[in-house]
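K.L.:
Have a look at this one before I ask anything.
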Amino acid sequence: MKKIIVNVMCAVALIAGLGACKKNDNNQQGNAQVTMKLTDAPANYDAVYVDIQQVAVTVSGHSEIMLVPARPGVYNLLSFRNGMDTMLLSANLPAGRIEQIRLILGNNNSVVLAGTSYPLSTPSAQESGLKLNFNTTLDANVAYTLWLDFDAGKSIVQTGNGSYKLKPVIRAYSATTNGQIAGYVMPLAAFSTVYAIQGTDTSVAIPSGIDGRFVIGGLASGSYQLMVVPSFAPYVTYMSNVNVSYATVTNVGTISVNP
């Protein structure tokens, strides 16, 4: 079976979070306990199914380590929105600097739109994978949690002939680099989308259809502008100077949008 390989080379958001660089990674002995979790940025699809078969991790000074997920197979990314996640795997990794993470996908990738399922193909140019600069060290005898944020909206591209391609866009962050903005948007009937904007970076959340709650995670520290866009745009609501700090949740309360 042909495999699709996605490289994730240490997202910038992990710089502060996967461990203090107190030691030279080449001199470290022992293992670190790493738990990887899968989460998702929202997308306007019924479902996005990704077939994750293996995870390969390269730590400096060691050969590539092949890991099997706790549940290898198909994951519906849209089940892990608004702060929800699922454990992908937990493993002991040698202490040292992480150089590369690869998600190895099977062929059972698809997207469901308006009740119709479409296969997700991957262009040959993408098989070498998405590469992100990595510069983080795992210390021995320390436990780390790492989230892989699979942006379903940005990762799926519709072609001119109506088919869909998977061009993976993934962020990675840890517990200590996971700034969050949370709140509620009312009324539910507005079917709003929430954008957190900092400079040229934009993160997105779609509030729950049950209670209007939204969570935007994996944010760097700093000041953000929130933009809430209901389905009856151009009635857009803005909230400026929303301050985010690492490892904290900034609660903005209830945001009301009115036609």
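Read-outs throughout are calculated quantities, based only on the coordinates presented, and are distinct from any laboratory measurement. Just so it is clear, the model here is predicted, and its values are computed rather than measured. With ideal geometry, Cβ positions are generated from the backbone for all residues, glycine too; neighbour counts draw on all protein chains shown.
K.L.:
Given H placed on each backbone N at 1.01 Å, which residues far from residue 59 in sequence or on other chains put an amide H within less than 5 Å of it?
P.N.:
65, 99
K.L.:
Tell me which of 110, 50, 70 sits at the most positive position along the dipole axis of region 34-125, charges placed on C-beta atoms (Lys, Arg +1; Asp, Glu -1).
P.N.:
Comparing the listed Cα positions along the dipole, 70 ranks first.
K.L.:
Restricting to Cα pairs below 8 Å that are 6+ residues apart, what does the relative contact order work out to for region 179-256? Please round to a whole percent.
P.N.:
Details: 185 pairs, mean separation 32.2, N = 78.
Worked out over region 179-256, it gives 41 percent.
K.L.:
Separate question: Once the piece of chain linking residue 66 and residue 112 is laid out straight, how much longer is it, given 0.36 nm per residue of separation minus the C-alpha distance between them?
P.N.:
So the extension gain works out to 13.5 nm.
K.L.:
Take each of the peptides 179-187, 70-78, average the number of other beta-carbon atoms within 10 Å over its residues, and list them starting from the highest.
P.N.:
Numbers: 179-187: 19.8, 70-78: 16.7.
Final packing ranking: 179-187, 70-78.
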